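Undergrad: This is the structure I have questions about; it appears just below.
Every read-out reported here was derived from the displayed coordinates using simple, explicitly stated rules and does not represent laboratory data. All figures in this text were calculated on a predicted structure; none of them were measured in a lab. Neighbour counts are summed over all protein chains in view; Cβ atoms, including those assigned to glycine, are modelled from backbone coordinates with ideal geometry.
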Amino acid sequence: MKKPKGRTIRSDLFEKLHDDIVISVLCKLSSTANSPSDFIAVLLTCKRLNKLGLHPLVLSKSCSKTFAIRAKNWSPEAHRFLKLSVSAGNTEAYYILGMIRFYCLQNRGSGASLLAKAAIRSHAPALYSLALIQFNGSGGLKNDKDVSAGVALCARAAFLGHIDALRELGHCFQDGYGVPKNISEGRRLLVQANARELASVLCVFHNHHQPPPLFINSSRTRNQTDFVSDSEFWLFNNDYGFNLTGREIHPANKFMVEWFGLGEDGNSGPGNLDPGLRMCSYVGCGRPETRKNEFRRCSGCGKVNYCSRGCQAHDWRVHHKVECAPMEQWMGHAIDDVEEANHMNEEDVDVMDDQTVEIEEN
Ligand SMILES: [Zn+2]
Ligand SMILES: [Zn+2]
């Protein structure tokens, strides 16, 4: 091209940057992105960034939020992006694509295999999800349940700090489900799960520079200062005395919720559940049944179903507690037998673990 007279061509500093430097910047971006668009916007900038952005080193470093694809945006390209990230050895991609294939695309073999690959790399949510698949016999028949395998997977996930796995394990010990019954060990694990959950939720609010929402169950209200200065620490209360709603939901669960249910825009997702199959009633889970009556239902009202104790405990705290069992039933109890009702209240105060209504097999 002819050089224009009287003007000098500005050199392109970006072109002079060595590939290694660009890849290192892109690695930092993909590992800290807050959404897929943060990363994809860069890929669309130019051919060079597109090529280097899909470099295995960059894809291997991507964090879970980079893969937080919306169900309504699911496409062959999105699938390809996850497959490329799997090929690059990204453990989060193994997990998210595994969950999508197992539950949404109903490609159970491939999904379970990806989850197993993530589990081998000590990915705690993958270990926990495989445990639930074993506990529920998901993708197979009722007789395919392998409770002992579920307990072993749960124990591994709990050891890695997975709170729901710890809670599930506590209930297994309490009930003698897949392990020899040990009530005191079960209670110890449940208290530990509550303590860890409280710490993690307070941490989320601290990171967002917000005070935690304290909706006190009793008639008197307290402010945050009361909570901090109060020597009566509510760790041992079944729900800490307030609703914990600040839990961060994993992108895989958000995807499933949107796939089978309603997205944030109120439109229904692309997935269809076969007739007779139900979703887990906890809104932050998104797991569907893979066969009829796979999930256990709340014995209090019989209207809600859960894939696990963890989901039941969360739903109880944030939602179901005020809905479970018809109000008239409780009112009737109060009128018929005041003493009995008082006794129940006393017990509630003393309870140290999840005082949720049992869930029962269908
Ligand atoms: Zn669930
Ligand atoms: Zn209920």
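Undergrad: Would you grab the residues whose amide H sits under 5 Å from the one on Arg296? Only those 5+ places off in sequence or on another chain, please, with H modelled 1.01 Å from N.
TA: Tyr306
Undergrad: For Ile133, Ile249, what ranking results if the residue with the fewest other Cβ atoms within 10 Å of its Cβ goes first?
TA: On the way: Ile133 27, Ile249 14.
In increasing order of surrounding Cβ atoms, one gets Ile249, Ile133.
Undergrad: Quick check on the exposure proxy: order Cys285, Cys63, Cys311, Cys46 from fewest to most C-beta atoms within 10 angstrom.
TA: Cys46, Cys63, Cys285, Cys311
Undergrad: Give me the lysines in straight-line cross-link reach of Lys28: C-alpha distance below 29 Å, same-chain residues under 8 apart excluded.
TA: The qualifying lysines are Lys16, Lys47, Lys51, Lys61, Lys65, Lys72, Lys83, Lys117, Lys254.
Undergrad: Can you sort His250, His18, His171 so the residue with the fewest Cβ neighbours within 10 Å comes first? Could the numbers behind the result be given before it?
TA: On the way: His250 19, His18 8, His171 22.
In order of increasing Cβ crowding within 10 Å: His18, His250, His171.
Undergrad: Charges at C-beta only: +1 for Lys and Arg, -1 for Asp and Glu. How large is the resulting dipole of the stretch 70-169 about its Cα centre, in Debye rounded to 20? Walk me through the intermediate numbers first.
TA: Values: 12 positive and 6 negative charges, 48 e Å.
Value, rounded to 20: 240 debye.
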